[in-house]
1. Fully extended, how many nm does the chain gain between L106 and H43 (0.36 nm per residue separation, minus their Cα-Cα distance)?
2. Normalised by the residues of the chain, what does the relative contact order come to in percent, with Cα pairs under 8 Å and at least six apart?
3. Could you give the angle, 0 to 90 degrees to the nearest 10, between helix 6-43's Cα long axis and the longest principal axis of the Cα atoms of the chain?
4. According to a simple spin-label model (label point 7 Å from Cα along Cα-to-Cβ), what is the distance in nm between L115 and W70?
5. Express in nm, to one decimal, how much length is gained between V132 and L32 on full extension, taking 0.36 nm for each residue of separation and deducting their alpha carbon distance.
6. Which angle between 0 and 90 degrees, to the nearest 10, do you get for helix 79-104 versus the longest principal axis of the chain when only C-alpha atoms count?
7. In whole percent, how big is the carbon plus sulfur part of the accessible area of region 26-102, probe 1.4 Å, protein atoms only?
8. For the chain, what does -39500 (n - 2.57) per DSSP helix run (n ≥ 4), summed and divided by total residues, give at 222 nm, in deg cm²/dmol to the nearest 500?
Amino acid sequence: VQVVRIRPFVGFMLTNALLIVRYGAVGILNTLVTIATYFLLRHVGVGLDAANFLSYLAGILNSYVFNRLWVFRSRENRYLREGAVFFFGAALCWALQWVAFRLLLLCLSERAAYLIGMCVYPGLNYLYNRLVTFKRNKRV
């Protein structure tokens, strides 16, 4: 008869639940920054794709700072390497979001396509950062 160790599993679940809650809080802030930037840029006449790119860039910068310091508590001293890996993942996730956004524009209004297209980014970005960017941070 094998004894199942409950305590390590519970600890693992609590740690990941806390990560997801923190990531979600940062995600809400990023979403607000991204949406506000997008609609502000569109209001002042910036083109559709440029506003999409620049608004995500603002959210990504915000995301890197808060995810690094608060969510994943990175202690990595190689900021340039870690930042490059983070921004590569963000660019990849943004590109997938952009494709979804452009496809949604074929059948939805700009506002609806933008807001629905935003749903693609967070899940992919969390997985990328958890598994690639901040994978060395065992103490989160």
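The values are calculated or read from the model by the stated rules, or taken from the named source; none is laboratory data. All values reported here derive from a predicted model rather than from experimental measurement. Please note: Cβ atoms are built from the backbone with ideal geometry, for glycine as well, and neighbour counts cover all protein chains shown. Quick note on the areas: whole protein, heavy atoms, side chains included, nothing else; ligands and nucleic acids left out. Shrake-Rupley method; radii C 1.70, N 1.55, O 1.52, S 1.80 Å.
1. The L106-H43 span can extend by a further 20.5 nm.
2. About 25 percent, as a whole number.
3. That works out to roughly 10 degrees.
4. Computed distance between label sites W70 and L115 equals 2.5 nm.
5. Numbers: separation 100, 0.36 × 100 = 36.00 nm, distance 2.54 nm.
Taking 0.36 nm per residue and subtracting the Cα distance, the gain is 33.5 nm.
6. 50
7. Working: 3060 of 4030 Å².
Here it works out to 76 percent.
8. Numbers: 5 runs with 100 residues, N = 140.
The helix-only estimate for the chain comes to -24500 deg cm²/dmol at 222 nm.
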